[in-house]
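Notes for the one structure printed next.
The values are calculated or read from the model by the stated rules, or taken from the named source; none is laboratory data. Small disclaimer: the values here were computed from a predicted structure and weren't measured. Glycine also receives a Cβ, built like all others from the backbone with ideal geometry; neighbour counts cover every protein chain displayed. Just so you know, the surface numbers come from the protein's heavy atoms only, side chains and all, with ligands and any DNA or RNA stripped out. Shrake-Rupley method; radii C 1.70, N 1.55, O 1.52, S 1.80 Å.
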Amino acid sequence: MRFILIALLCALLGASHPATQAQTFAGPTVREVVEFKRIIQPYDHRTDALREQVSADGLRAFIVTRQADVAGDRNRYEIHLLHLAPERLAARRVPAPETVLSVDVGRDGDYAHPAVQDVRWYDERTLIFLARLKDGPFQVYRLDLPTRELVQLTQEKNHIVSFAASRSPQRLVYAAQIPNPPFRQGARSLVVGNQSFWDVNYGQEDLRTQSRMYRFFVAELAPVQPPRPLGEPFAQGNGAVPHVSISPDGRWALLPRYEPARTMAWARQYPMVEDLVKNYGRSLSIDPLGYFSGASSYTSRRMVAWRLEDGKEQTVLDAPDDALPGGGQDRTDRLWQGGGASVLLAGTHLPMGSHDRVSPASHVVEYWPDSGRWAVVATLAGRLEEAYPLKDGFAVVDGGQRRQFRRLPDGGWHETVPTAEPVSDLRRSWTIKVVEASNQPPDVVATGPSGQVVRLTNLNPQFDGDGWGAMQAYSWRDAAGRRWDGGLMAASGMDRRARYPLLIQTYGFARDRFYLDGPNDSDGATSAFAGRAFLREGILVLAMPWNPSTGATTSESRQGIQTFNDGVRGAVAALVKEGRVDPSRIGIIGWSATGERVLNLVTFSGLPIRAATMADADANTLFSLSVTYGANAAMWTHKERVNQGVPFGAKLVSWAHNDPSLHTDCIRAALRIETYGPWVKNNWDLHALLRRQYKPTEMVVIPGGAHALAQPSERMISLQGNVDWYRFWLKGERRTVPLLSAETAASLKAQYDAWDQMATLKAADDVRPRCARVGNSGS
């Protein structure tokens, strides 16, 4: 009866979304966006990292690129050599980049974890790198540049996640992921304690969902010998793989040791560790037994030395370092000196009671492994971000500030004024860097002593500045007076006096980096955010920053959710006031962490968002709380902070007030939910509850996809699917030509038949009174 009444009401209202005549503007297609060639090393296009990709003689450098082939459904990885002879640069007679490796990868798992990575110089004629060139696990390879001979150096049965190599002797140290299935061999049952939902239900064969375990190994390359384990397997710490370091002479390795049992004691002794526990390891204090929180998102670590000849371990400093979880774990913080006689260890605390030098700060120390002696080189003002070698010294990024140190004749160290560091005499007057801008794709250039600029690459000659639209910085203020600094992208043929649909992409904005698809403030995330492909369809794109530039509040709170809602409301109001946006045609996309923000926006803000996407998104719902139990303690505690309580006892009312899944009657946006991987993710409950209420929603499952989609066919499904979704909901337009893998004219028609039904249901939903939650509080 309910469905009949809805159908009758829709018919009376003329509810179906009217189709309009498509108007195409200048701009790239989704396929052109997906097939854009990208620099993947240096990561994030960092100049300091590019410096490490220059050969010792300064005459060559390498970059690594990836380019999708949609027709073949594969990614091509290439290593290019750039020629830097100063006389050629000065004469502007630089040879074209030399492609020394080109491999096609048919099954590419994760955009943020490329199939060719961590490329480095081994010697003047050799590169060494980690790659998954076949269907097997990641292995270490060596590429001889004169002959192009590619040699696989390891035969590890498990994925190698990090490595380091010495030349004499030829020796490798590496970390490999060890299978950790929940059901042991022969088991027919499992007693679940604090294990995660994904581990128990999907982790038997899938390494991605298991509680991850690693082990260190050392392997002799000449002559080749089976690898020897260094220590026992250990659990992943801090949401990142363990990174290894070997001395150039191959005698010593410096490896991380994770200390979960000592983390709370060290937090009481070292303020920086206390800060990390507070921000990333809250479960350590609220669940000291580890009874429900399972895998911790922060575990203190220290470095230990291994004598590789016999596998003997020895303590370096019995104190934790200051590394942040996640990306901070792979920073460069171990710099070997004198071929291996000593090593600079940066970002470490000092042992309690050591020579009256205990300090709340972290330090740079020099350590001599043969004797076990160490000495303080410098006290850091902030947290170490990076350390890297210079010609006769080293530099650190200390709390965002670059500091530089030179070796003294007596063996000590002296801090000097930071200067631009020449890598060698041959290129003392020339430097190279990746140049880009909001509307300029990344390429490598060399800059000379008089400011002359020589372009070394032209990776995407098909790019047309006029034909691909323009991104401009755009600032606005919200109702609380906070300033937001984002970017607004428009096609070249758009009329500034006309009102257009608006699509908001929510994952940050960097003014000095090229904007194509995905967020542009870091590499490795392109899912759902089709970027410039929306311009072709006559849709403006607003890049939403993470936080306001003034009056910022933490995103790890309910106030952070409200601030985000205020920022979106302010942006829409500003663009509507300027006459550039139609307020009835607003869409928004969130991925990962910003998916949670989008969910709360469309549930509680009362903004007239017509359509939204949550792509592999987090959520502060009871279902998400349940399935993230035991997986990552930070997820659990974050949801409690955002919902201002727990879903039981005295705080139940607060949880119920803030949990979006308990207020799905408030959601009026047509909601596209994308989920990647074969396992159940956070938002099945939302999909089910919205369908139960005849609200417009669909869930797109990509079983082979990782959190950051990498396979061309999967990226097309996500990006083209979102372009189609917003063309339909914001413009009433539809695609008629099949473009996706396995798509046919019949399946495309079925897609729009389903969306037409949703449009009918949405029209009926739109005329209902506002839900009590939004009607009473507004947000």
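Across the options 221, 277, 298, the greatest Cα extent toward the positive end of the charge dipole of segment 199-309 (unit charges at beta carbon of Lys, Arg, Asp, Glu) belongs to 277.
The apolar share of the surface of the chain, taken as the fraction of accessible area on carbon and sulfur atoms (1.4 Å probe, ligands and nucleic acids excluded), comes to 53 percent. When peptides 377-384, 285-292 are sorted by average Cβ neighbour count within 10 Å, with the highest value leading, the order is 377-384, 285-292. Select one label from (i) 36.6; (ii) 38.4; (iii) 41.4: the one whose number is mean projected area of the Cα convex hull in nm² as derived from the coordinates shown. Label of the calculated value: (i). Placing unit charges on the Cβ atoms only, positive for Lys and Arg and negative for Asp and Glu, gives the chain a dipole magnitude near 1400 debye about its Cα centre. Computed over the chain, the per-residue total of -39500 (n - 2.57) for DSSP H runs of n ≥ 4 gives a 222 nm mean residue ellipticity of -6500 deg cm²/dmol, rounded to 500.
Using a 10 Å cut-off on Cβ atoms, rank the peptides 245-256, 436-447, 491-502, 166-177 from the highest mean neighbour count down.
Details: 245-256: 22.4, 436-447: 18.0, 491-502: 16.2, 166-177: 20.3.
Going from most to least packed, we get 245-256, 166-177, 436-447, 491-502.
Evaluate the charge dipole of segment 109-200 about its Cα centre and quote only its size in Debye, nearest 20, assuming +1 on the Cβ of each Lys and Arg and -1 on the Cβ of each Asp and Glu. Don't skip to the answer; put the middle values down first.
Numbers: 11 positive and 9 negative charges, 48 e Å.
Roughly 240 debye for segment 109-200.
With a probe of 1.4 Å, find how much accessible area segment 584-642 has per residue, and write the answer as a whole number in Å². All intermediate terms of the calculation are to be shown ahead of the outcome.
Details: 1160 Å² over 59 residues.
Normalised by residue count, the accessible surface of segment 584-642 is 20 Å².
Assuming a ≥ b ≥ c are the square roots of the Cα gyration tensor eigenvalues, decide whether segment 391-513 counts as rounded (a/c under 1.5), prolate (otherwise, with a/b larger than b/c) or oblate. Because a/c hits 1.5 or more and a/b fails to exceed b/c, segment 391-513 counts as oblate. Since only 129, 158, 95 are under comparison, the one whose Cα sits farthest along the positive direction of the charge dipole of segment 94-233, derived from C-beta charges on Lys, Arg, Asp and Glu, is 158.
In order along segment 134-148, the phi-based Karplus estimate (6.51 cos²θ - 1.76 cosθ + 1.60, θ = phi - 60°) of 3J(HN,Hα) comes to 10, 7, x, x, 4, 10, 9, 10, 10, 10, 7, 5, x, 9, 6 Hz; Gly and Pro are listed as x. Can you pick out the pairs among 731/762; 639/681; 157/681; 695/731; 577/639; 134/681 whose Cα atoms lie more than 25 Å from each other? Check vs 25 Å cut-off fails for 157/681; 577/639; 134/681.
A simple rule links phi to the HN-Hα coupling: the Karplus curve 6.51 cos²θ - 1.76 cosθ + 1.60 with θ = phi - 60°, which for segment 499-515 gives 9, 10, x, 10, 10, 9, 9, 10, 7, x, 7, 10, 5, 9, 10, 4, 10 Hz, with x for Gly and Pro.
For the peptides 401-414, 101-114, 148-161, the ranking by mean Cβ contacts within 10 Å, running from highest to lowest, is 101-114, 148-161, 401-414. For segment 301-407, the square roots of the Cα gyration tensor eigenvalues, ordered a ≥ b ≥ c, give a/c below 1.5, which places it in the rounded category.
Accessible surface area normalised per residue over segment 113-192 is 48 Å², counting heavy atoms of protein chains with a 1.4 Å rolling probe.
Given +1 at the Cβ of Lys and Arg, -1 at the Cβ of Asp and Glu and no other charges, the dipole of segment 177-224 around its Cα centre is 140 debye to the nearest 20.
Average accessible surface for segment 251-376: 41 Å² per residue, computed with a 1.4 Å probe over protein heavy atoms with every protein chain in place. Which of rounded, prolate or oblate describes segment 490-588 when judged by the alpha-carbon gyration tensor and an a/c cut-off of 1.5? Since a/c reaches 1.5 but b/c is at least a/b, the shape of segment 490-588 is classed as oblate. When the chain is described by a simple charge dipole with +1 on each Lys and Arg Cβ and -1 on each Asp and Glu Cβ, the residue from 760, 688, 542 located farthest towards its positive end is 760.
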